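A.B. asks: If you scroll down you'll find the structure; I have some questions about it.
The values are calculated or read from the model by the stated rules, or taken from the named source; none is laboratory data. What you see is a predicted model; the values in this text were computed from it and never measured. Because the Cβ atoms are built from the backbone with ideal geometry, glycine has one as well, and the counts that use them run over all protein chains shown.
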């Protein structure tokens, strides 16, 4: 399955947007967290600054998000992970309200209650969770709902290679296979579950092989490439829409930044990230666009400038937005 | 006693585990990122280099399997220490904990011994939101068969975890991230203390009176002990003398320590970072209520805890739902002016 010119352009621009967003977040996250503004003796204070708590950034993993979401409609469901920004952006979640949420502001997606790992946008059928493996069952549920409603909508569960060893993965695959649910399971293999690499967590080489154990189709995408992801995802999503049931896809991708910001990554071989960045999927896709006459220098410059401006805008919006009133903390436990 | 040096709570825990592993070859550790990483909260820092991957075992993200495996290995005579990275993750493996680890000794009429230490990180206040900020020890204290141990400082942390490792029963050991003394999270410096070099134990079921007082009893565990002490210092300037009790263990619980203190002060405040409903604060209040034939109260019991909401992400929201020093001080002042209903 080949992407159209529009799809190619959309994927390229969206990857650029994601990368700009994540790299900006990497800087903004550090604001207020470093000496001398923090407790004496500390190197870093996770609680301080405009974006407190943990931060998990997806720079490098853009192809997985765009290659899949290029096929999705607004009514299709995406359930993401603790590292959710690229999925949310590719799914069309409004960037300003998403950023306001990450800054804990009252006009954020969750009125500041969820934060970066718990982004909910019912309008765009996007949600995510901080618990490893928790994305699969709800995606099965969204698929079940679509099937019951007689729609050709699909659901996508994103998760990491670490999650493939969690019970919920196995249960969900069997259930989806048994009930022939229109769900696509997409495993982002970025090699690391915090510090533990795949070789030391998983008994088999490729999670795509696990599909056979559940009687479903499995596809391994071995290159961190948007077009290859696009092809595998397109096949799987078409299968699901036609009533052909679930597919498991595993994509070998690259995590450029730490598991979380502040992660010293002592477990990672020296120079590994520099090496991975040589195969950056964004310039690679740019080169493909150029070779097809879809991108020129001036155009590229213009796109990048537009994206930088947009990202600056949404971060400024988030900073300017008000915090919620403390009494709001007691609201919304129940609808 | 040999020369003491100051250790953070994280260092004290790692030192204690290392000393017990040297003494007893059956002790080994399983958990996520406990090897090269040394534990996300540094509880096993340095241990992989000393003991190797056969005894410091990084696991896949498979809590049901490896926590259940700890139960099985313990039944075979080993003494596993297993780390649940965040207490909030108990959901994925609770059956193995509360239906098996907790109950097998009883269901076997005492014939099965399960010397497992399940250590886990608790606590919020640093923006980690609803799924990574909970305490939940109330929940584990509620189900029978698990000892529940919650150190508030490095000295106690070492003594209590050594006691836990030597105990032939399953012990849940909760360390609050905000008092581990990590270089990347603001912490209450009172949690870093002098810690003797040699191994020592602290018996379970022994609370500690951290600060003596006569006007109000504040009962707390973990990081809340430090907040209570700060409140007590503030209150002393207003001539209100608060007594602060660090329970240290919920199971077994030192009820006598609470009763003795409330008999003296007549006023009880339980300050807890766990949810206020159906938990520790209610338990302590009930224990006092059951003894009103011999105890006299000068004020109704007060409870502070997270008020039945998930921990919100946004800083002003989170700050307002977790009991802070000012909330403790306000509550104590209020109790000094409280009245009781007249007896019938």
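A.B. asks: Among the residues of segment B:266-311, write down those that are closer than 19 Å to residue A:330 by Cα and either surrounded by fewer than 15 Cβ atoms within 10 Å (Cβ to Cβ) or within 14 Å of chain A (Cβ to nearest Cβ) (or both).
C.D. replies: Passing the criteria: B:275, B:276, B:277, B:278, B:305, B:306, B:307, B:308, B:309, B:310, B:311.
A.B. asks: What's the number of the condition residue A:20 fails, among (1) surrounded by fewer than 24 Cβ atoms within 10 Å (Cβ to Cβ); (2) within 12 Å of the chain's Cα centre (by Cα)?
C.D. replies: Exception for residue A:20: condition (2).
A.B. asks: Something else: For segment B:1-79, list the strands (runs of 3 or more DSSP E) that sit wholly inside it and hold at least 2 residues that are surrounded by 15 or more Cβ atoms within 10 Å (Cβ to Cβ) and more than 14 Å from chain A (Cβ to nearest Cβ); which are they?
C.D. replies: Working: elements: B:4-7, B:27-31, B:56-58.
Because the criterion is at least 2 residues that are surrounded by 15 or more Cβ atoms within 10 Å (Cβ to Cβ) and more than 14 Å from chain A (Cβ to nearest Cβ), the strands (runs of 3 or more DSSP E) in segment B:1-79 that meet it are B:27-31.
A.B. asks: Assuming residue A:153 fulfils every condition listed in (1) touching a strand residue (DSSP E or B) at 6+ places or on another chain (Cβ under 8 Å); (2) assigned to a loop (DSSP other than H, G, I, E, B); (3) under 18 Å from residue A:84 (Cβ atoms) apart from one, which condition is it?
C.D. replies: (3)
A.B. asks: Return yes or no: is residue B:85 at the interface with chain A (Cβ under 10 Å from one of its Cβ atoms) and closer than 14 Å to residue B:180 by Cβ?
C.D. replies: Working: at the interface with chain A (Cβ under 10 Å from one of its Cβ atoms): yes; closer than 14 Å to residue B:180 by Cβ: yes.
Yes: the conditions hold for residue B:85.
A.B. asks: Look at segment A:47-68 and say how many of its residues are free of Cβ contacts under 8 Å to residues at least 24 places away in the same chain and farther than 30 Å from residue B:179 by Cβ.
C.D. replies: Keep residues of segment A:47-68 that are free of Cβ contacts under 8 Å to residues at least 24 places away in the same chain, which gives A:47-49.
Subset that is farther than 30 Å from residue B:179 by Cβ: none.
Result for segment A:47-68: 0.
A.B. asks: Within segment A:173-213, track down each residue that is part of a helix (DSSP H, G or I), within 14 Å of chain B (Cβ to nearest Cβ) and within 20 Å of the chain's Cα centre (by Cα). Full working, then the answer.
C.D. replies: Initially, segment A:173-213 is screened for residues part of a helix (DSSP H, G or I), giving A:173-178, A:198-200, A:207-213.
Within this subset, residues satisfying the condition of being within 14 Å of chain B (Cβ to nearest Cβ) are A:198-200, A:207, A:210.
The answer is A:198, A:207.
A.B. asks: Test of understanding: among A:108, A:160, which residue is within 13 Å of chain B (Cβ to nearest Cβ), within 20 Å of residue B:312 (Cα to Cα) and crowded, with 24+ Cβ neighbours inside 10 Å? If you could, list the steps in order and put the result at the bottom.
C.D. replies: Values: A:160 fails: within 20 Å of residue B:312 (Cα to Cα).
That would be A:108, the only listed residue that is within 13 Å of chain B (Cβ to nearest Cβ), within 20 Å of residue B:312 (Cα to Cα) and crowded, with 24+ Cβ neighbours inside 10 Å.
A.B. asks: Please give the number of the condition residue A:154 fails out of (1) more than 11 Å from chain B (Cβ to nearest Cβ); (2) free of Cβ contacts under 8 Å to residues at least 40 places away in the same chain; (3) crowded, with 21+ Cβ neighbours inside 10 Å.
C.D. replies: For residue A:154, the exception is condition (2).
A.B. asks: Return yes when residue A:125 is more than 8 Å from chain B (Cβ to nearest Cβ) and modelled with pLDDT of 95 or more and no when it is not. Talk me through it step by step, then tell me what you get.
C.D. replies: Values: more than 8 Å from chain B (Cβ to nearest Cβ): yes; modelled with pLDDT of 95 or more: yes.
Here the answer is yes, as residue A:125 does meet what is asked.
A.B. asks: Applying the selection to segment A:156-172, what residues are over 21 Å from residue A:98 (Cα atoms) and within 20 Å of the chain's Cα centre (by Cα)? It would help to see each step written out before you state the result.
C.D. replies: Taking segment A:156-172 as the starting set, the residues that turn out to be over 21 Å from residue A:98 (Cα atoms) are A:160-172.
Correct list: A:160, A:161, A:162, A:163, A:164, A:165, A:166, A:168, A:169, A:172.
A.B. asks: If you don't mind, another one. For residues that are out of contact with any helix residue (DSSP H, G or I) (no Cβ under 6 Å at 6 or more places or on another chain) and surrounded by fewer than 24 Cβ atoms within 10 Å (Cβ to Cβ), scanning just segment A:54-73, find the one that is nearest to the other protein chains (Cβ to nearest Cβ).
C.D. replies: Going through the qualifying residues, I end up with A:54.
A.B. asks: Every residue in segment B:89-138 that is more than 22 Å from residue B:277 (Cα to Cα), assigned to a loop (DSSP other than H, G, I, E, B) and either modelled with pLDDT under 95 or within 14 Å of chain A (Cβ to nearest Cβ) (or both), please.
C.D. replies: B:93, B:126, B:127
A.B. asks: Does residue A:329 satisfy the criteria of being within 14 Å of chain B (Cβ to nearest Cβ) and under 26 Å from residue A:96 (Cα atoms)?
C.D. replies: Numbers: within 14 Å of chain B (Cβ to nearest Cβ): yes; under 26 Å from residue A:96 (Cα atoms): yes.
For residue A:329, the condition - within 14 Å of chain B (Cβ to nearest Cβ) and under 26 Å from residue A:96 (Cα atoms) - is met.
A.B. asks: Scan segment A:246-281 residue by residue and report those that are touching a strand residue (DSSP E or B) at 6+ places or on another chain (Cβ under 8 Å), assigned to a loop (DSSP other than H, G, I, E, B) and surrounded by 21 or more Cβ atoms within 10 Å (Cβ to Cβ).
C.D. replies: A:246, A:253, A:255, A:259
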